[in-house]
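Trainee: Okay, handing you the structure first.
The values are calculated or read from the model by the stated rules, or taken from the named source; none is laboratory data. Note that the coordinates shown come from a computational prediction; the quantities given were computed from them, not determined experimentally. Ideal geometry is used to build each Cβ from the backbone, glycine not excepted, and the neighbour counts take in all protein chains shown. Protein only, heavy atoms only, side chains kept; ligands, DNA and RNA dropped before computing areas. Shrake-Rupley method; radii C 1.70, N 1.55, O 1.52, S 1.80 Å.
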Amino acid sequence: MAVPDYQSFMHPLLALLADGQTRKMRDIYAAMAEQFRLTEAELAEMLPSGRQSTFMNRVGWAKTYLVKAGALVSPQRAMVGIAPRGLELLQRFPERVTAKDLMQFDEFMAFQQVRPGGMRVTDAESAVLEAAADHPGTLSPEEEMAQLFTRLNGNLAAELLDQARNLTPAQFERLVVEVLVAMGYGGSVRDAGQALGRSGDNGIDGLIKQDPLGLDRIYLQAKRWQDTVHSPEIRTFSGSLTYHKAAKGVFITTSNFSDGARRTAQQIGNIILIDGDTLARLMIDYGVGVITRETYRIRRVDSEYFEEL
């Protein structure tokens, strides 16, 4: 089975602690993993950030929500126990407890309605929160943030690709050079730019340095195309590698490659294909043609720090 959503851990957490004992979080993680019969692969699944397992993140948020609602207490570092309100929840909801069920408690509503820095949400935002409670999500807040980040980057990539397709040949050449230099190829923009020349078919081709000293060279072809690139273009490109005595080649297009083109490149073995989606992603990753509008730092409690105090 997949790792359950964070709300699915709420009732089991309360039931586990219903005996009144205070437990360490690491023991709770072990108990939840055993109860849900999670495999090693499922326990090893990571959040998109790669900094915490999905399982531990979801159990942690279930615990946090229950603590904020007054159903659980944390009397010591990395320790948690049940409160009278938690026992009441078990009686009222014998099968499942959700975030919507916690909305009845003022403490939890206050937690939901306070922004970082102590600012309270507006009346309109409060109405949105209450409406969202009627259809609670299955993702933890960190996962929702990651999902939103992915969606925003997807929209950004589409916009970047549209911009690239509308460039003049000279502008497109400049763009390709700056992406490659940002990735560490070509030495400087000036060096790489001098090595390139327009091919006359809405594309550019030429030799660039693989390293700043120019000890190895890469043959480049970039096509500002709308149409799919097929196998014949890849075979022609391979011949150009041989002619220019280049050991490696990079074929860039603003469109995409057919399955046959990808198989041909794989068989040849020394050609890297970069389609439009990949080009846009590289522009985002290496900061070419984009600016940072906002920066959000997501922090979490370092339990080991508190345990070692």
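Trainee: Could you check the range 10-27 and list, in sequence order, the residues that are under 28 Å from the mean Cα position of the chain (by Cα) and modelled with pLDDT under 95?
Mentor: Step one: list which residues in the range 10-27 are under 28 Å from the mean Cα position of the chain (by Cα), which gives 10, 25-26.
Scanning the range 10-27 gives 25, 26.
Trainee: Give me the pairs: first residue in the range 247-265 and in contact (Cβ under 8 Å) with a residue 40 or more places away in the chain, second residue open to solvent by 60 Å² or more (accessible area, probe 1.4 Å) and assigned to a helix (DSSP H, G or I), beta-carbon distance under 7 Å, and six or more apart or on different chains, which are they?
Mentor: Within 7 Å, the pairs are 254/165.
Trainee: On to the next question. Please state which one of 289, 249 is under 30 Å from residue 148 (Cβ atoms) and either within 28 Å of the chain's Cα centre (by Cα) or buried (at least 20 other Cβ atoms within 10 Å of the Cβ) (or both).
Mentor: Details: 249 fails: under 30 Å from residue 148 (Cβ atoms).
So the residue among 289, 249 that is under 30 Å from residue 148 (Cβ atoms) and either within 28 Å of the chain's Cα centre (by Cα) or buried (at least 20 other Cβ atoms within 10 Å of the Cβ) (or both) is 289.
Trainee: Looking only at the range 256-309, count every residue that is among the hydrophobic types (A, V, I, L, M, F, W, C), at pLDDT below 90 and not in a loop (DSSP other than H, G, I, E, B) and tell me the total.
Mentor: Looking only at that region, the number is 1.
Trainee: Could you check the range 57-86 and list, in sequence order, the residues that are open to solvent by 60 Å² or more (accessible area, probe 1.4 Å), part of a helix (DSSP H, G or I) and touching an Asp or Glu at 6+ places or on another chain (Cβ under 8 Å)? Spell out how you get there, then give the answer.
Mentor: Going through the range 57-86, the residues open to solvent by 60 Å² or more (accessible area, probe 1.4 Å) turn out to be 68, 73-77, 84-85.
Subset that is part of a helix (DSSP H, G or I): 68, 84-85.
Residue satisfying the conditions is 68 alone.
Trainee: Among the residues of the range 1-22, which ones are surrounded by 17 or more Cβ atoms within 10 Å (Cβ to Cβ) and farther than 30 Å from residue 297 by Cα?
Mentor: Taking the range 1-22 and keeping what is surrounded by 17 or more Cβ atoms within 10 Å (Cβ to Cβ), we get 3-14, 16-17.
Result: 11, 12, 14, 16, 17.
Trainee: For the range 24-42, which residues satisfy the criterion of being open to solvent by 50 Å² or more (accessible area, probe 1.4 Å) and closer than 20 Å to residue 74 by Cβ?
Mentor: Here is the first cut: in the range 24-42, the ones open to solvent by 50 Å² or more (accessible area, probe 1.4 Å) are 24, 26-27, 30, 34-35, 37, 39-41.
Once the filter is applied, which keeps residues that are open to solvent by 50 Å² or more (accessible area, probe 1.4 Å) and closer than 20 Å to residue 74 by Cβ, the range 24-42 yields 24, 26, 27, 30.
Trainee: Something else about it: How many residues does the range 233-255 hold that are assigned to a loop (DSSP other than H, G, I, E, B) and not small (Gly, Ala, Ser)?
Mentor: First, the residues of the range 233-255 that are assigned to a loop (DSSP other than H, G, I, E, B): 244-247, 254-255.
Among the residues that remain, those that are also not small (Gly, Ala, Ser) are: 244-245, 254.
Residues flagged as assigned to a loop (DSSP other than H, G, I, E, B) and not small (Gly, Ala, Ser) within the range 233-255 amount to 3.
Trainee: Mind listing whichever residues of the range 43-56 are open to solvent by less than 30 Å² (accessible area, probe 1.4 Å), in a helix (DSSP H, G or I) and in contact with a strand residue (DSSP E or B) (Cβ under 9 Å, 6 or more places away or on another chain)?
Mentor: Result: 54, single match.
Trainee: Tell me, yes or no, whether the range 210-218 has at least one residue that is basic (Lys, Arg), part of a helix (DSSP H, G or I) and modelled with pLDDT under 80.
Mentor: Residues of the range 210-218 that are basic (Lys, Arg), as a first pass: 217.
Okay, now just the ones that are also part of a helix (DSSP H, G or I), so none.
Taking every residue of the range 210-218 in turn, none turns out to be basic (Lys, Arg), part of a helix (DSSP H, G or I) and modelled with pLDDT under 80.
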